[in-house]
Structures are given as structure tokens and as C-alpha cells.
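Asker: The structure that follows is given in the form of C-alpha cells.
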Amino acid sequence: MSLVFSALVPHPPLLIPSIGREHAKLLDETWKAYTQLAKSLAASGAETIVIITPHLPYIPETFLINFSPSYRTHFLEFGDFSPARVFAPDHELTERIRHAGRLGHSPVKLVSEEHLDYGSGVPLYFLPAPNAKTKLVVVGSGKAGPKEQFALGKVLKDAILKSSKKIALIVSGDLSHRHSSDSPAGFSQSAKTFDEKIVANLSTGSASPILRMDPALVEDAHACGYRSVCMFLGAMDKMDYRPKVLSYESPFGVGYATIQFNLK
């Protein structure tokens, strides 16, 4: 099997010490979870990291791959002026994904953005490449519905399993943005229900309840990671793995879950 590492991670920029400063301490559980994941990723020897982000441009009924000649992660928009980290793209795997998409009648389009969005940048800040030659594929989840996202995830899975490389799959996404009156989208009583359903079903490997969630509940939750999770579930479909919830917290009114999917 070419998939050697898999995880769901949140992407709060406040987790980065130079950005969050004293507020970063409120994300201690997420910090510890990321530290544990970083060790697992390093041990996996991954040659390519595939990251699913909800923050690439949206195109209905398709998904995007950010295919730039190189990628840079920096956080200038959040007031961090540290030097950018640079990643190289995996041309071969990108072509495999595009080919699998054509065979599965799921269009894959390319965009070219050298500066990675924070949905990609934050996880890559805490999950460094296992070695200097590790490459990157950045996939956007788009606006397709849950079943379509699941199908697109299966396209991704087909391409990954046909690769001879060791591949890490990371899904980046926050859960409900409505846990308190200070939340970006305001408070909603459904926020807790939504997050509990997502975490409970991911922790048991149950895809169907997530794909069949009440659209009104999903809409009310304002969770940027929902569609990314649905794609991820397609990519993990019928694989043998053990989920382990490493952390869950919502100190700033947004749900942050970190889950590792240990492959058997």
C-alpha cells in the first residue's frame, strides 16, 4: 500500500506562536496533538504529502489541484514575517489524479497559486516534510455536495493506490464556527451537535452518517471542513484503519478536532 499516514487536522493561525502569542496557550491540546502527528509523519517516511484544503477557489461539481512550479507557506496576512518555507509539487501524482478523474467522469482542474492558503499552510507549519525531497499535492474540496465529494475522494484514492511512492494524506478543516457569541458566524445551539456527530462517526470509521447529515444542520454549523471530510472519507473508503481522536477543543468558538487514522 502506498498510503503510509493519514490524519484530520484543524488550521487555526492562532496556533502559530508568533501570531497567537498569549492566545496560543488556549490551544494546548491541539498543539500536543500536532506534536504527536509530526512524529508519526516523520516515522512514515512519506515521499509525497497530499493535503485537502477547503480554502482553494470553489468550482461546483469538480475539485482543484493547486499546481504551481513551487509552493510557499507564509503568514504575512496574519502579521507573521518569518521566512517562507518552500515545497516542490509532485507532477507524477497530479497527473495520476487527473487521469483517474477522467476515467471516473470527475473533472479535475488545475490552478497555480504559489502562496499556499492558510488551510494548507498551518498544517504544513506543524507537520514538516520527513525529508528535503518530500513533495506536495494540494487539493481543494470545492462546493460539491457530500456524495459528490465522496466520489471525488475515491478518485483521489485510486490515484494514490496506483502510485509506487509512500504518500501521506492530510485533510485540513475546522468544524463548526458557531460555538459562542464571539464566533465568526455567531452562536448556534446546533454547533455542539454537529461537532459531536462528526467526531463520533470519524472515531468509529462510519462514513454514511456523515454523508447523510441533515443539510440544514450542516449549513447552520458553518464548518469549513465538512466537504473536505466527505472527500477524505471517499479517499479512505474500504481501507483498513483505526481512528484515534488526539484532541478536540473550541476555545475561540470554532471546533478544532485532530484525529489520526492509523493504517493497518
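Asker: Go over the candidates V245, V199, V171 one by one and state the one that is touching a strand residue (DSSP E or B) at 6+ places or on another chain (Cβ under 9 Å), among the hydrophobic types (A, V, I, L, M, F, W, C) and surrounded by 22 or more Cβ atoms within 10 Å (Cβ to Cβ). Don't jump to the end; show me each part of the working.
Answerer: Working: V245 fails: surrounded by 22 or more Cβ atoms within 10 Å (Cβ to Cβ); V199 fails: surrounded by 22 or more Cβ atoms within 10 Å (Cβ to Cβ).
The conditions single out V171.
Asker: With the checklist (1) outside any strand (DSSP E or B); (2) among the hydroxyl-bearing types (S, T, Y); (3) touching a strand residue (DSSP E or B) at 6+ places or on another chain (Cβ under 8 Å); (4) closer than 28 Å to V199 by Cα in hand, flag the one item S6 doesn't pass.
Answerer: Here S6 meets the rest and fails (1).
Asker: Here is a follow-up. If a residue must be over 25 Å from Q149 (Cβ atoms) and either within 17 Å of the chain's Cα centre (by Cα) or in a loop (DSSP other than H, G, I, E, B) (or both), how many such residues does the stretch 43-71 contain?
Answerer: Residues meeting the conditions: 4.
Asker: Let me ask another. Need pairs with beta-carbon distance below 8 Å; first residue within 23 Å of H55 (Cα to Cα) and touching a residue at least 40 places away in the same chain (Cβ under 8 Å) and within the stretch 92-116, second small (G, A, S) and surrounded by fewer than 14 Cβ atoms within 10 Å (Cβ to Cβ); sequence gap 6+ or separate chains.
Answerer: Note: pairs meeting the criteria are E114/S70.
Asker: Of the residues S206, S183, only one is of a type in the set (S, T, N, Q), free of Cβ contacts under 8 Å to residues at least 12 places away in the same chain and not in a helix (DSSP H, G or I); which?
Answerer: Of S206, S183, the one residue that is of a type in the set (S, T, N, Q), free of Cβ contacts under 8 Å to residues at least 12 places away in the same chain and not in a helix (DSSP H, G or I) is S206.
Asker: Also, I was wondering about something else. Find all pairs meeting these conditions: Cβ atoms under 9 angstrom apart; at least six residues apart or on different chains; first residue within the stretch 72-83 and assigned to a loop (DSSP other than H, G, I, E, B); second residue aromatic (F, W, Y) and surrounded by 15 or more Cβ atoms within 10 Å (Cβ to Cβ).
Answerer: F75/Y118; F75/Y125; F81/F75; S82/F75
Asker: Go through the stretch 144-162 and report how many residues are small (G, A, S), surrounded by 21 or more Cβ atoms within 10 Å (Cβ to Cβ) and under 25 Å from E92 (Cα atoms).
Answerer: Going residue by residue through the stretch 144-162, those that are small (G, A, S) are 144-145, 151, 153, 159.
Of the ones still in play, those that are also surrounded by 21 or more Cβ atoms within 10 Å (Cβ to Cβ) are 144, 153, 159.
Filter again for under 25 Å from E92 (Cα atoms), leaving 153, 159.
The number of residues fulfilling the criteria is 2.
No value in this document is a laboratory result; all are computed from the given coordinates. The model shown is predicted, which means the values in this text are computed figures rather than measured ones. Here the Cβ is made from the backbone with ideal geometry for all residues, glycine too, and neighbour counts use every protein chain on show.
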